[in-house]
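The next block holds one structure in the form of C-alpha cells; read it before the comments.
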Amino acid sequence: MKIPPLLAESSLKSIERLAVASAQALLALDYDGTIVPLAENPSEAALPEETREVLCRLAGRPQAALAIISGRTLAEIKKLAKLPDVTYAALNGLVILANGEREDHEDLPRAERIMVRVREEIDGKLREWDGLRVEDRGVALALHHGHLTKKDADAISARAAELLDGERVQILRGRNVIEVLPDVAWDKGVAVRRFMEMHRIGGTLPLLVCAGDEPIDTPALHMARDLGGVAIGVGAEAARSGNYLAKDSCEVVRFLDLLDGWLASRPAAV
C-alpha cells in the first residue's frame with residue numbers, strides 16, 4: 001500500500017479535521033533524523049532555533065503536550081534540545097523526565113547488566129572496518145557505518161550477531177546505524193503509553209502524533225496509527241510503519257508548524 005505524503009493537500013486536510021475535532025493532542029517525537037537532520041558528529045545535533053520556536057509554541061498550548069523520545073542519555077538530550085515544558089524520554093524511554101520528576105523503568109538495572117556483557121563481547125573485535133564508529137549510549141551501542149558500503153554494513157551486522165549469540169539483545173538495522181539493545185520488556189511504544197498516562201485528560205481519546213525515522217521507532221508509530229492518530233515515518237523505510245511519509249526533518253517541522261496553527265483554533269481543554 002502506498003503511504004500518502006505528509007504534506008500532500010489531502011493529507012493535511014485529513015489531519016486538520018482530526019486536530020480541530022480533538023480536545024487534546026499528544027505529540028511523541030524522535031529526535032535525531034526526525035526533528036533534526038542526522039549529523040555526522042552526534043554531539044553537533046543541536047536543535048535549530050526555528051524548530052525550537054515551533055516546539056515551544058506547541059508545548060505551551062494547554063490542549064497539547066510534547067515528548068521527545070530519544071536513544072540519547074537524559075543529560076545529552078536535554079542539553080541539545082533545550083526545551084522547557086516537555087517530557088523527555090531518554091534511552092528510548094527507560095528514563096522519563098516529566099514535570100521535573102524523573103522516573104526510571106523497572107528494567108533499567110537489568111538492561112545495564114546486559115550491556116556490561118555486550119561491551120565485553122564487542123570490545124576491540126570490530127576494528128577491521130575502518131570508518132565504523134561505535135557510540136556507547138549506556139544501555140545501547142550504536143554502530144555508525146554511514147561511510148561504509150552496504151556489504152560492509154551487512155558484514156558488521158552479521159559479526160555483531162555472531163559475537164552476541166546467546167546474549168539477551170536485539171540488533172536493529174537503521175539507515176546508517178546498527179543498534180544493539182538489551183532485550184527487555186520496554187520499547188518506544190511503552191514510553192509513549194506512559195506519556196499518555198501522564199498527560200491524558202479525563203476519559204477523552206487524544207490525537208496522538210508520533211514521528212520517527214528508524215526501526216526502533218516502529219512501536220511508537222504503530223501505536224499512533226492503531227489509535228487513529230498521526231504516525232509519521234521519516235524516510236521510505238520508516239513510513240512502512242506509519243500512515244504518512246515525510247521525506248526529512250524539514251517536512252516534519254513544517255507539519256508541526258501547521259499543526260500548531262490548527263490547535264490554536266481550539267479552546268483550551270478543561
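The values are calculated or read from the model by the stated rules, or taken from the named source; none is laboratory data. Because the structure is a prediction, the values reported are computed rather than measured. All Cβ positions, glycine included, derive from the backbone under ideal geometry; neighbour counts span all protein chains shown.
Is it the case that segment 59-66 has a residue that's exposed (fewer than 14 other Cβ atoms within 10 Å of the Cβ) and among the hydrophobic types (A, V, I, L, M, F, W, C)? Working first, answer last.
In the first step, residues of segment 59-66 are kept if they are exposed (fewer than 14 other Cβ atoms within 10 Å of the Cβ); the result is 60, 62.
Right, trim to among the hydrophobic types (A, V, I, L, M, F, W, C) and you get none.
No - not one qualifying residue is present in segment 59-66.
Answer yes if at least one residue in segment 79-101 is closer than 25 Å to residue 160 by Cβ and of a type in the set (Val, Ile, Thr), and no otherwise.
Yes, segment 79-101 has at least one match.
Can you tell which of 134, 118 is assigned by TED's automatic domain parsing to the domain that holds residue 165, touching a residue at least 60 places away in the same chain (Cβ under 8 Å) and within 26 Å of residue 164 (Cβ to Cβ)?
Details: 134 fails: touching a residue at least 60 places away in the same chain (Cβ under 8 Å).
So the residue among 134, 118 that is assigned by TED's automatic domain parsing to the domain that holds residue 165, touching a residue at least 60 places away in the same chain (Cβ under 8 Å) and within 26 Å of residue 164 (Cβ to Cβ) is 118.
Given the criterion of a type in the set (Val, Ile, Thr), part of a strand (DSSP E or B) and closer than 29 Å to residue 120 by Cα, identify the matching residue among 190, 180.
Working: 190 fails: part of a strand (DSSP E or B).
Exactly one of 190, 180 is of a type in the set (Val, Ile, Thr), part of a strand (DSSP E or B) and closer than 29 Å to residue 120 by Cα, namely 180.
From the residues in segment 228-257 that are surrounded by fewer than 17 Cβ atoms within 10 Å (Cβ to Cβ) and modelled with pLDDT under 95, which one is nearest to residue 176 (Cα to Cα)?
For segment 228-257, the residue satisfying everything is 237.
Output yes when any residue across segment 205-217 is surrounded by fewer than 16 Cβ atoms within 10 Å (Cβ to Cβ), among the hydrophobic types (A, V, I, L, M, F, W, C) and modelled with pLDDT under 95, and no when none is.
To start, the set of residues in segment 205-217 that are surrounded by fewer than 16 Cβ atoms within 10 Å (Cβ to Cβ) comprises 205.
Going one step further and asking which of them are among the hydrophobic types (A, V, I, L, M, F, W, C), we end up with 205.
Remaining after also requiring modelled with pLDDT under 95: 205.
Yes, that holds for at least one residue.
Quick one: count up the residues across segment 100-132 that are among the acidic types (Asp, Glu), in a loop (DSSP other than H, G, I, E, B) and over 30 Å from residue 192 (Cβ atoms). Steps first, please.
Step one: filter segment 100-132 for residues among the acidic types (Asp, Glu), giving 101, 103-104, 106-107, 112, 120-121, 123, 128, 130.
In the following step, the residues that additionally are in a loop (DSSP other than H, G, I, E, B) were identified as 106-107, 123, 128, 130.
Then keep just the ones that are over 30 Å from residue 192 (Cβ atoms); that gives 123, 128, 130.
Total meeting the criteria: 3.
Only residues that are in a helix (DSSP H, G or I) and either of a type in the set (S, T, N, Q) or more than 12 Å from residue 138 (Cβ to Cβ) (or both): list them for segment 78-99, please. So that I can check it myself, show each step before the final result.
Residues of segment 78-99 in a helix (DSSP H, G or I): 78-81, 91-93.
Answer for segment 78-99, where residues must be in a helix (DSSP H, G or I) and either of a type in the set (S, T, N, Q) or more than 12 Å from residue 138 (Cβ to Cβ) (or both): 78, 79, 80, 81, 92, 93.
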